[in-house]
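What follows is one structure encoded as structure tokens, with my remarks underneath.
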Amino acid sequence: MRVTLLYIWLIVTILPTFSQWGTIAYYHVNKDYITRVLCENRDKPQLHCEGHCYLAKRLKAQEEKKDQQTGEQVRNLPILHLFASPVTIFEFLPKPIADNQQLAFPYQLAAYQAPLAVVVPPPCV
């Protein structure tokens, strides 16, 4: 059962990729018919079109159809609001400091110590 579902999923996923290949294969299989009947330039053999105009039109139509379907899918997507919350305006007002109040710092500055006055040479080996 799982293998069958896997194959079905694989075919459904990969099939749209091969749609243009199918059109090109159809063109090569029926090239004579397309050249004689469906080609727009069949009256102008010096152009050597051989049905390429028909193939180009079919491929362009497929591409436009795919773009249209993609556009419809994008338009029909539900709007998902992630991390949405009402906007709140914050105001940071300065806290007044009284004249007799000292600012309290949680650390104290260390007393300055001069570097060693004598440079100690490295030990001799």
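The values are calculated or read from the model by the stated rules, or taken from the named source; none is laboratory data. No experiment lies behind these values; they were computed from the predicted model shown. Note: ideal-geometry Cβ built from the backbone for every residue, glycine included; neighbour counts use all protein chains shown.
Screening the stretch 49-88 for residues that are modelled with pLDDT of 85 or more and outside any helix (DSSP H, G or I) and picking the one that is nearest to Ile24 (Cα to Cα) gives Gly51.
If Thr4 satisfies all but one of (1) in a helix (DSSP H, G or I); (2) loosely packed, with under 10 Cβ neighbours inside 10 Å; (3) at pLDDT below 85; (4) not aliphatic (A, V, I, L, M), what's the number of the condition it fails? Only one criterion in (1) in a helix (DSSP H, G or I); (2) loosely packed, with under 10 Cβ neighbours inside 10 Å; (3) at pLDDT below 85; (4) not aliphatic (A, V, I, L, M) is unmet by Thr4, namely (3).
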